[in-house]
Amino acid sequence: MDGSSSSEMMPAPRPRGAGRPSTVAPYAPQVAQWLREDPDLPGVEVLRRVRLAGYRGGKSALYELVRRLRVQRSVNRASSA
């Protein structure tokens, strides 16, 4: 060994790419509206509605969107109280 540490030999991390474009993002405003109108709307009903609107993505991505919108809404309500 020449005295250099192993961290000096490691290449610098590259910035991560954005990955695949979101298939659920175009439906976020509509989903947010449905959840404002009915905060207890089940995720499976949201999935049914977005599929009728043309969504062809997976249910996991949609359920994650619903979860984020519900958390965001509850945080907004708590901070305004």
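The values are calculated or read from the model by the stated rules, or taken from the named source; none is laboratory data. Values in this document were obtained by computation on a predicted structure and should not be read as measured data. All Cβ positions, glycine included, derive from the backbone under ideal geometry; neighbour counts span all protein chains shown.
Starting from residues that are modelled with pLDDT of 95 or more and not in a helix (DSSP H, G or I), keep the ones in segment 1-38 and report whichever is farthest from V71 (Cα to Cα).
V24
Restricting to segment 18-33, and then to whatever is touching a residue at least 24 places away in the same chain (Cβ under 8 Å), of a type outside the set (F, W, Y) and closer than 21 Å to S74 by Cβ, can you tell me which residue is surrounded by the most Cβ atoms within 10 Å (Cβ to Cβ)?
Selected residue: V31.
Could you check segment 40-76 and list, in sequence order, the residues that are under 16 Å from the mean Cα position of the chain (by Cα) and of a type in the set (D, E)?
The one that is under 16 Å from the mean Cα position of the chain (by Cα) and of a type in the set (D, E): E64.
Step by step: first the residues of segment 41-77, then only those that are charged (D, E, K, R) and modelled with pLDDT under 95, then the one that is farthest from A28 (Cα to Cα). Which residue is that?
R77
Are any residues in segment 34-81 over 24 Å from R20 (Cβ atoms), exposed (fewer than 11 other Cβ atoms within 10 Å of the Cβ) and either in contact (Cβ under 8 Å) with a residue 12 or more places away in the chain or among the polar types (S, T, N, Q) (or both), and if so, which ones?
Once the filter is applied, which keeps residues that are over 24 Å from R20 (Cβ atoms), exposed (fewer than 11 other Cβ atoms within 10 Å of the Cβ) and either in contact (Cβ under 8 Å) with a residue 12 or more places away in the chain or among the polar types (S, T, N, Q) (or both), segment 34-81 yields N76, S79, S80.
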